[in-house]
Amino acid sequence: MLPPEVVAPSALKRRSVRNFFSSVKYSIEGFFAALKHEPSFREDILFAICLIPVAILLPLNAAATAIMIAALFLIIIVELLNSAIEWTIDYLRPEQHPVAKRIKDMASAAVFVSYINCLVVWGVLLWPSNAVWRHVAKWFEVLR
């Protein structure tokens with residue numbers, strides 16, 4: 001039980017429609033700040049923009065397509081978190097420090113792992129034994 005002078009967190013932050021729209025506004029501002037200030041984030045967005053149409057056009061079921069797109073969105077989400085962590089470390093500790101480097105390296109490793117996850121997901125779903133390639137070959141036969 002909380003002491004009487006401590007107010008429960010839910011009592012401090014009440015949710016309303018105005019709060020919701022403010023949260024959405026801040027999220028959009030954060031997204032565009034990442035686009036403006038983070039080259040890696042722009043590269044990840046370009047990567048997703050190029051591959052999402054491919055995932056949609058491939059002759060896979062809806063679940064497989066959704067999983068492939070989710071793997072791409074995971075890269076974007078992790079890159080946003082990585083950027084936020086890096087900016088926070090730079091703000092709190094502008095000078096070089098081994099712990100700050102370790103934190104930034106770990107956040108960067110999370111982005112790397114999300115790319116590996118994407119490769120594995122796409123590789124498993126597009127493996128030659130999954131008949132996707134037979135459908136793609138038929139498309140090219142029709143074009144001849």
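The values are calculated or read from the model by the stated rules, or taken from the named source; none is laboratory data. On a predicted model such as this, the values are computed, not experimentally measured, just so you know. Neighbour counts run over all protein chains shown; Cβ positions are idealised from the backbone, glycine included.
Looking at Arg102, Arg42, which is the one that is over 17 Å from the mean Cα position of the chain (by Cα) and over 24 Å from Arg134 (Cα atoms)?
On the way: Arg42 fails: over 17 Å from the mean Cα position of the chain (by Cα).
On inspection, the qualifying residue turns out to be Arg102.
Looking only at segment 66-80, count how many residues are in contact with a helix residue (DSSP H, G or I) (Cβ under 7 Å, 6 or more places away or on another chain), farther than 14 Å from Gly123 by Cα and of a type in the set (A, V, I, L, M).
Within segment 66-80, residues that are in contact with a helix residue (DSSP H, G or I) (Cβ under 7 Å, 6 or more places away or on another chain), farther than 14 Å from Gly123 by Cα and of a type in the set (A, V, I, L, M) number 5.
When residues of segment 29-59 are filtered for being under 30 Å from Lys138 (Cα atoms) and surrounded by 11 or more Cβ atoms within 10 Å (Cβ to Cβ), how many remain?
10
If the requirement is being in a helix (DSSP H, G or I) and in contact (Cβ under 8 Å) with a residue 12 or more places away in the chain, which of these qualifies: Ile28, Ile67? Don't jump to the end; show me each part of the working.
Values: Ile28 fails: in contact (Cβ under 8 Å) with a residue 12 or more places away in the chain.
After ruling out the rest, the residue left standing is Ile67.
Taking interchain pairs and intrachain pairs at least six residues apart, which have beta carbon atoms under 7 angstrom, with the first residue in segment 91-105 and surrounded by 10 or more Cβ atoms within 10 Å (Cβ to Cβ) and the second among the small types (Gly, Ala, Ser) and modelled with pLDDT of 90 or more?
So the pair list comes out as Arg93/Ala100.
Conditions tested, residue by residue: (1) modelled with pLDDT under 95; (2) closer than 30 Å to Trp133 by Cα; (3) over 17 Å from the mean Cα position of the chain (by Cα); (4) of a type in the set (Gly, Ala, Ser).
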| residue | (1), (2), (3), (4) |
| --- | --- |
| Ser23 | yes, no, yes, yes |
| Leu46 | no, yes, no, no |
| Leu58 | yes, yes, yes, no |
| Ala62 | yes, yes, yes, yes |
| Leu74 | no, yes, no, no |
| Val78 | no, no, no, no |
| Ser83 | no, no, no, yes |
| Pro94 | yes, no, yes, no |
